[in-house]
Amino acid sequence: MIGAIFGCYALFELLASLVFGKYLVQIGAKFMFIAGMFISGGVTILFGVLDQLPEGPIFIVMCFLVRIVDAIGFGAAITASSSILAKAFPNNVATVLGSLEVFSGLGLIVGPPLGGFLYQSFGYEMPFILLGCLVLLMIPLNLCILPSYESDRGEHSFWKLVTLPKVGLIACVIIALSSCFGFLDPILSLFVLEKFNLPAGYVGLVFLGLALSYTISSPLFGLLSDRMPNLRKWFLVFGNLITAVCYMLLGPVPILHIKSQLWLLVLVLVVNGFSAGMSIIPTFPEMLSCAYENGFEEGISTLGLVSGLVGAMWSVGAFMGPMLGGFLYEKIGFEWAAAVQGLWALISGLAMGLFYLWEHSKTRRRSKARNLTGTEEEQAALLPNET
């Protein structure tokens, strides 16, 4: 039941991202962002008072409702925010998104210890009430600062976007990477406690290596992606391949005959943080540039479709990762479960690499054909004069 309560969040965020991405222009990006923040902040406070309800079906139903509404609010806010940023900084999309991931990383670093301190000092309600109030306090600031963008309704749909081969492959990459993160959430702490007999308070420090390296690497790869767009494709490919190797070494997988050690686990998580930044940050600009190359109009409607699709695919992975990870952990143990999870990243990385090689060879053939045609036309133009 606990797994279902947590899992429903990702499922409804998936649905919300698709719907809000489709109707971003009609609703308005600024209004969607503010409304999403208001809903998310409000239900976070409500989550803090759920312990006042009677035990049994009422409590469980309210847990589901609060998580579902929170997912819808978050889906609205994150879809609108990505679109607003891409519209405000069209030439530096990856840099801006990478810089914002610094704050996502800081949230992952500060959240658990701060929440634990507030819980121990003031009780269950305080972390939720404080966090919800902080979100609500951000609303007046964003009302004053954020610009309003108006745009015509686009002619294209999610279906046309996702059926583009390149976009479809990038969507698979996002699912694979998201499921890798989701896999670690419920499983890694159990493995660390069981394998290394660490005190419960030290388990959070193991995750710190992943969060810190991702926080540091995200703006760096965002800047490189904007300055050297040709590198984005290779960031995607090699980021996935390095992630796959990291998951093979997390256990490590028994066929490698490497002894499991704490320092190795922490080192692998640090490298995984860098590989995640390398492969996650270029996904949005790559998908956006592919949409523009295939006739999608440059405006807030296309940005909404891309933002919604990225958010939806991330939610698919966030839903599948913990579910699959929990099942595999029980059946075959952490070492093999992590290797199977890494296989996803390996397959998606190889598929992207093969696609980019095919695309490169196709471009070269087209360029040669164009040059050959141009040479023949020049010769034809010169022949009459020579005669």
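The values are calculated or read from the model by the stated rules, or taken from the named source; none is laboratory data. On a predicted model such as this, the values are computed, not experimentally measured, just so you know. Methodologically, a virtual Cβ is constructed for each residue, glycine included, from the backbone with ideal geometry; neighbour enumeration extends over all protein chains shown. Remember, those area values only see protein heavy atoms, side chains included, never the ligands or the DNA or RNA. Shrake-Rupley method; radii C 1.70, N 1.55, O 1.52, S 1.80 Å.
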### Task
Consider I255 carefully, then state whether it is aliphatic (A, V, I, L, M), closer than 23 Å to A77 by Cβ and modelled with pLDDT under 90.
no
### Query
How many of the residues in the stretch 74-101 are free of Cβ contacts under 8 Å to residues at least 40 places away in the same chain and open to solvent by less than 30 Å² (accessible area, probe 1.4 Å)?
0
### Residue identified as open to solvent by 50 Å² or more (accessible area, probe 1.4 Å), over 24 Å from G308 (Cα atoms) and of a type in the set (G, A, S) among S104, S121
S121
### Message
Any residue in the stretch 221-240 that is over 20 Å from I347 (Cα atoms) sitting within a Cβ distance under 7 Å of a residue that is of a type in the set (A, V, I, L, M) and outside any helix (DSSP H, G or I)? List the pairs, counting only those 6 or more apart or interchain.
### Response
F221/I281; G222/I281; S225/I281
### Task
Can you tell me which residue among A86, A77, A4 is under 26 Å from Y119 (Cβ atoms) and within 17 Å of the chain's Cα centre (by Cα)?
A77
### Query
What pairs come up if the first residue lies in the stretch 341-365 and is over 15 Å from M248 (Cβ atoms), the second is aromatic (F, W, Y), and their beta carbons are under 9 Å apart, counting only those six or more places apart or on different chains?
G353/W234; G353/F238; Y356/W234
### Message
The conditions are (1) under 18 Å from G168 (Cα atoms); (2) modelled with pLDDT under 80, and I300 fails exactly one of them. Which is it?
### Response
(1)
### Task
Go through (1) closer than 19 Å to L85 by Cα; (2) out of contact with any His (no Cβ under 7 Å at 6 or more places or on another chain) one by one and return the number of the condition F296 breaks.
(2)
### Query
What's the number of the condition C63 fails, among (1) on the phi > 0 side of the Ramachandran plot; (2) crowded, with 18+ Cβ neighbours inside 10 Å?
(1)
### Summary
Residue count, the stretch 251-291, condition assigned to a helix (DSSP H, G or I) and within 21 Å of the chain's Cα centre (by Cα), comes to 22
### Query
In the stretch 303-318, is there at least one residue being open to solvent by less than 30 Å² (accessible area, probe 1.4 Å) and more than 30 Å from G28 (Cβ to Cβ)?
no
#### Entry: Residue that is nearest to L11 (Cα to Cα), among those in the stretch 176-209 that are open to solvent by 30 Å² or more (accessible area, probe 1.4 Å) and among the aliphatic types (A, V, I, L, M)
L190
